[in-house]
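Okay, structure first, notes after.
The values are calculated or read from the model by the stated rules, or taken from the named source; none is laboratory data. Model, not experiment: these values are computed from the prediction. Note: ideal-geometry Cβ built from the backbone for every residue, glycine included; neighbour counts use all protein chains shown.
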Amino acid sequence: MTAPLATEERRALQFPARNVGPTPRCVPTPDASLTDRLIVELATADDVYDGMRRVVPILRSDGHLRRVEWWTSTEDGRALRLEAASGLGGGRRTAFPVGSLGSLVLVGDNWGHELSEVVTRFVAVLRRLATEEQLAIHALRLVRKNEALEDFAALVAHELKGALDTARLQTDAASAIDDAIGLVDSILEVARSESAPEQSACAARCLEEALRNLGEIDVKISVDLPEEFPLPSAALRVLFRNLVANAIAAKARHIRVSASADAHRSQLTVDDDGVGVAAPENYAGGSGLGLGLCRRLAARLGGALELEPRASGGTCARLILTGGET
């Protein structure tokens, strides 16, 4: 009869002894929901760039990395620019290309396949959202161009009608026709300015050119303008010209043109002592650029045009841009 095994012998059979080396360092495994967290941060941001700046620190902390960097290409495509970074320290650097948004770089030695899968899934969503955002931007530009074409057609008809009516009453119609051609040229210049890189202009110079286009005027104009105003010069010239022309048509004897610009708000003001917006029947002539069209132009430039009666008589025309200087 076989004797029963001692407790120590049974343990030896169940768990044979092994020659175990040093205990390996425990590498934290990324939480399975990390991809979802990153995608939610990206989707709820104002845009892809804002979303990426929020994602980078989360990826570093929850991915247990020493550092995470987001690099994009400069405007000319010849160099890389660090857009966002979180963490300090060195280690193995692994880059994940993100298409037009550059590269996402993970820095650290103790991360593996699980985190790589998290980043790969996130990058796929990031590329799709970036593409959708670019398509939306292009669609908005097309809408704005269509609005500009509608405004241009209405504005040309408005200006040419006024000039031709004037020419009909003149012995020499050449000057009136020249005025109409000049107006069409200035409107075309505004349309071209929407795609121009220029973001600000010398306000005093634009006003001087606008007044020159109006010819001889019998009105006193006082000026208080900053050196730069955050609008393209072509648009600023046309707005100056037509707001001043509206004031002259309202029989103003004194016009004050002023502007201010800071980091949050820019304002252009044309005050006059004319008959006021409440009495359009007393205007001396056409108002140049129709006020409705002027408002649409201001809106396309990112602002709003307001007309208010002054307590002492006359009109205050105010162009307001929010977001400050560009």
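General observations
- Matching option when the condition is surrounded by 12 or more Cβ atoms within 10 Å (Cβ to Cβ), assigned to a helix (DSSP H, G or I) and among the polar types (S, T, N, Q), among Ser86, Ser116: Ser116
- The condition of being out of contact with any helix residue (DSSP H, G or I) (no Cβ under 6 Å at 6 or more places or on another chain) and surrounded by 15 or more Cβ atoms within 10 Å (Cβ to Cβ) holds for only one of Leu42, Leu65, Leu80, that being Leu65.
- Check on Arg256, basic (Lys, Arg), modelled with pLDDT of 80 or more and within 20 Å of Ile221 (Cα to Cα): yes
- Residue list for the stretch 208-228, filter: at pLDDT 90 or above, within 17 Å of Asn246 (Cα to Cα) and among the charged types (D, E, K, R): Glu208, Glu209, Lys220
- Any hit, the stretch 305-324, residues being assigned to a helix (DSSP H, G or I), within 29 Å of Leu140 (Cα to Cα) and modelled with pLDDT under 85: no
- Screening Leu104 on (1) in a helix (DSSP H, G or I); (2) at pLDDT 80 or above shows it passes everything except condition (1).
- Qualifying residue in the stretch 232-251 (condition: at pLDDT 80 or above, touching a Lys or Arg at 6+ places or on another chain (Cβ under 8 Å) and not in a helix (DSSP H, G or I)): no
- Matching entry among Arg128, Arg81 (being among the basic types (Lys, Arg), assigned to a strand (DSSP E or B) and not assigned by TED's automatic domain parsing to the domain that holds Cys294): Arg81
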